[in-house]
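Read the structure below first, then the notes.
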Amino acid sequence: MIASVEGRVLVRRPGEVVLDAAGVGYRLLVSSETFRGVPPAGERAALLSHLAMRDDAIQLYGFASEAERELFLMLIGVQGVGPKVALAVLSGGGPRELLSAIAAEDSARFQAVPGIGKRTAERIIVELREKVAERAEEEIVVRRTSDDDPRTLARDGLVGLGFGVQEAEGLLGQAAGESPEELIADALRAAR
C-alpha cells in the first residue's frame, strides 16, 4: 500500500494533484481542503495517501493531515458512502469541524453535500458518533494524569481530536458535565 507520496508538483487542479516522485507521476484525488495547501506546480509537496482498488479502477487519494485521512477512512466505512462522496464531505470543512458536526448530530451539514440524502446523513452520524467518542476516550485513557481531573482529561481528549490547547480550554470553560466524556460532548456541541 502507498502510505504517502512526496515529490515535485506536476499538475495542480481542483480535485487532483500529480506528484513526480523519482520519475513516476502519482495522480492523487484530493479534497478542496487539501488542495488549498498544495504549492504551485514545480514546487515540492508531500501528501499522505490511501490506495483504493475496485474492479474497474485503482485510485490514490491524497490528504494534507493524518486527521483528514482517518476521517476519510471512517467515512468510506459507512454503508452508502464511497470515496467520491467522502472527498466531497471532506471538501466541506476541516476534520475538526466535521467531527464537531458528527458529535452535534448536525445531519443538515451532511445533507448539503451532493450525493448525500437524509438517510445517508443520519447513517454517517449514527455510525461515526460512536467512533468519534471512542477516539476521544482513547486519548483520555492514554493521557491519564495522577490526579485524573475530568477537565484535564477532557482537554487532552479535545487536543487529541485536533483542537489547540487554548481552544480546548476555551470550549471547556463553557462546558457542563462531571465526567470527561460529558465535558467533551458538551464542548463539541458548543464548537459547532
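Throughout, read-outs are computed from the coordinates displayed, never taken from laboratory work. Because the structure is a prediction, the values reported are computed rather than measured. Cβ coordinates were reconstructed from backbone atoms using ideal geometry, including for glycine residues, and neighbour counts include every protein chain displayed.
Return the single residue from R129, R69, R13 with maximal mean-square fluctuation; model: Gaussian network over the chain, springs between Cα atoms under 10 Å.
Most flexible of the set in this elastic network: R13.
From the backbone phi of the stretch 39-51, what are the Karplus-calculated ³J(HN,Hα) couplings (6.51 cos²θ - 1.76 cosθ + 1.60, θ = phi - 60°) in whole Hz, Gly and Pro given as x?
x, x, 4, x, 8, 8, 8, 9, 10, 6, 9, 9, 9
Taking every pair of alpha-carbon atoms in the chain, what share in percent sits in each 10 Å bin, from 0 to the bin with the longest distance?
Taking all Cα pairs of the chain, the binned fractions are 9, 33, 30, 21, 7, 1 percent.
Add +1 for every Lys or Arg and -1 for every Asp or Glu among the other residues with Cβ under 13 Å from the Cβ of S31, and state the total.
Cβ neighbours under 13 Å give a net charge of -1.
Would you mind calculating the gained length between R151 and S179 on full extension (0.36 nm times residue separation, minus the Cα-Cα distance), in nm to one decimal?
Additional length available on full extension: 9.3 nm.
Tell me the mean residue ellipticity at 222 nm calculated for the chain from its helices only (DSSP H runs of n ≥ 4, each -39500 (n - 2.57), averaged over every residue, nearest 500).
After summing the helix terms and dividing by the residues of the chain, the value is -15500 deg cm²/dmol.
Rounded to the nearest whole Å³, what is the per residue volume of the convex hull around the Cα atoms of the stretch 4-64?
Considering the Cα atoms of the stretch 4-64, their hull volume per residue is 75 Å³.
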